[in-house]
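The values are calculated or read from the model by the stated rules, or taken from the named source; none is laboratory data. Keep in mind that what you see is a predicted model, and the values were worked out from it rather than measured. Here the Cβ positions follow ideal geometry from the backbone for every residue, glycine too, while neighbour counts run over all protein chains shown.
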Amino acid sequence: MRAEDFDHRRLARLLGMLGSSHDGVVLNAARLADRHLREHDMTWPQVLADCAGCFAQGCADGFAAGKRDRRDRTDDTRRTP
């Protein structure tokens, strides 16, 4: 795969999972993030250098919206009828 096709939003979601209190989730997210980079022939320094462009395109906004959606669904499941 080409670096131009790199999905920054997917990487942001995976990195967001690194804060989980479940070690298995953290380890799996780290491995998936690393695999995502390798599949696109990219390195961590390349991705970090490209972050400014990603945030300018709104990737951070999309990630934050996804987080809000998950939080809303979680809140709904906690409510008792």
Failed condition for ASP5, given (1) touching a residue at least 24 places away in the same chain (Cβ under 8 Å); (2) more than 16 Å from the chain's Cα centre (by Cα): (2)
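What's the total number of residues in region 21-49 that are in a loop (DSSP other than H, G, I, E, B) and either modelled with pLDDT under 95 or among the β-branched types (Val, Ile, Thr) (or both)?
Summing the residues that are in a loop (DSSP other than H, G, I, E, B) and either modelled with pLDDT under 95 or among the β-branched types (Val, Ile, Thr) (or both) in region 21-49 gives 4.
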